[in-house]
Amino acid sequence: MSRFQKMLKYLATERGRMASLYCVSTVGIGIFVSRWAPHSVGIEKYREFATCYKFGIEKKLSDKVHHRFEKALNMVKDMSELERSRFKMFCVFGMEPRHFGSKHSIWGSYVGIPDNFNYETANDIPKGAIVMHNKPIPWSTEGGKKIEQSLVLTEDEQIFAMLKEILALRTWEWPLNCFYPVMTLFTAYGLSHYINTKLKLFQRPLSLRLVMYSLVGVFMIGNYCFATDATQIYHDSRIDKEIATMGKEMVDAGVRYYDKILQRNIALREITGDYSLYSSGGNVNFLVRQRTMPFTARKDFFQEQLKKLQEGASMEMN
């Protein structure tokens, strides 16, 4: 009898089942800590890792960007002074704003702002320093011009992007992302144990248990993917709806912001020739899942809201 067979035989015993429970519990705790720590006790280290550096020195955001961040905070309703004090910003690596932590955390939260928020005009873009796949961007091409236009955001477009991240930090995104994988693991273990006991599979051939474990695993992974994706899409939709209540200026900024994101993604798709990253419409491609609300859907939402506001204004004038 091989060592593997001996181990499987041992796991079918009472002591083996207790050992597997301890192992699952340890893994579950480890998963929870790995999700929880970077946004709480380790948030400063996480921020340092995601920061944009130049020659080893952290890049700074301009006073104008800081002022716009304060304006974005002022636009959020029902924010106490304590909660406001927990929101900080820094220059993040990449071209997308990001957020770390949560308003529910005593360790505070960070909004990562890309360096391109410092650009006021196209002349401010350090074109020689921006590369894709270790290759320079062909700025003179149509795709290069689209990327150039997408990098320079107006004041209200920047405030819109900041509001998205601030409102995301006010959701239960982080606690749920800690909870979902642990719940999935323990539910899979509990369901497997129940089926083993109910059908007395410990006394039956190992192949039956392996089939059952595979089915339970696929089922629970599917549930996990559905729960996380549905939660993220719900939060995306809720954030957009809240911003849409902040006035026509923000609604119009939302249309223009998402249009620039889509044009940038389309340009990157054309320049790199890598069609796996983005769709022809500019949405992020996912193999099976839909991890976030498509940019096209978010742009369409704000276009619809802007149309309603314009129609309402026309009716008032008449």
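Quick note: the coordinates plus some simple rules give every number you see, no bench work behind them. This one's a predicted model, so the numbers in the text were calculated from it and none came from an experiment. Neighbour counts are summed over all protein chains in view; Cβ atoms, including those assigned to glycine, are modelled from backbone coordinates with ideal geometry.
For the stretch 113-130, just list the computed ³J(HN,Hα) in residue order, Karplus coefficients 6.51, -1.76 and 1.60, θ = phi - 60°, integers in Hz, with x standing in for Gly and Pro.
Ordered by residue, 3J(HN,Hα) equals 10, x, 5, 5, 5, 7, 6, 9, 9, 5, 5, 7, 6, x, 4, x, 9, 9 Hz.
Using the count of nearby Cβ atoms within 10 Å as a rough guide to exposure, how do Thr184, Thr197, Thr231 rank from fewest to most?
Final ranking by Cβ density, sparse to dense: Thr197, Thr231, Thr184.
Quick check: the distance between the Cα centres of the stretch 106-138 and the stretch 5-30, to the nearest angstrom?
When both Cα centres are located, 49 Å separates them.
List the DSSP H helices in the chain whose Cα atoms stretch 20 Å or more along the helix axis and whose mean Kyte-Doolittle hydropathy is at least -1.0.
14-36, 155-169, 173-199, 206-244, 248-272, 295-317
Estimate the FRET efficiency between Arg256 and Arg289 by the formula 1/(1 + (r/R0)^6), using the beta-carbon distance for r and 41 Å for R0, to the nearest 0.05.
Approximately 0.90, to the nearest 0.05.
In the Gaussian network model of the chain, springs joining C-alpha atoms below 10 Å, which of Lys54, Lys145, Lys71 carries the largest mean-square fluctuation?
Lys54
Suppose R0 equals 51 Å. What FRET efficiency, 1/(1 + (r/R0)^6) with r the Cβ-Cβ distance, do Phe49 and Gln203 give to the nearest 0.05?
After rounding, the FRET efficiency stands at 0.50.
Could you check which residue among Val65, Val24, Val182 shows the biggest mean-square fluctuation in a GNM of the chain with a 10 Å Cα cutoff?
Val24
Of the listed values (i) 1.25; (ii) 0.99; (iii) 1.07, grab the one calculated as Cα Rg over 2.2 N^0.38 Å from the structure here.
Label (i) holds the value from this structure.
Among the lysines, which fall within straight-line cross-link reach of Lys145, defined as a Cα-Cα distance under 18 Å, with same-chain neighbours fewer than 8 residues apart omitted?
Counting by Cα, and skipping residues close in sequence, Lys145 has these lysines nearby: Lys127, Lys135, Lys260.
For the stretch 29-123, which chymotrypsin sites (Phe, Trp or Tyr not before Pro) are both in a DSSP coil and crowded by at most 10 other Cβ atoms within 10 Å?
Listed in order of number, the matching sites are Phe55.
Comparing Ser40, Ser279, Ser150, which has the greatest mean-square fluctuation in the GNM of the chain with Cα pairs linked when under 10 Å apart?
Comparing Ser40, Ser279, Ser150 in the GNM, the peak value goes to Ser279.
Of all alpha-carbon pairs in the stretch 86-173, indicate the percentage at a distance above 14 angstrom.
68 percent
For Tyr234 and Val131 in one chain, what is 0.36 nm times their gap in residues minus the Cα-Cα distance, to one decimal in nm?
33.7 nm
Just from its helices, what would the mean residue ellipticity at 222 nm be for the chain, if runs of 4 or more DSSP H residues each count -39500 (n - 2.57) and the sum is divided by every residue, rounded to the nearest 500 deg cm²/dmol?
Result for the chain: -21000 deg cm²/dmol, rounded to the nearest 500.
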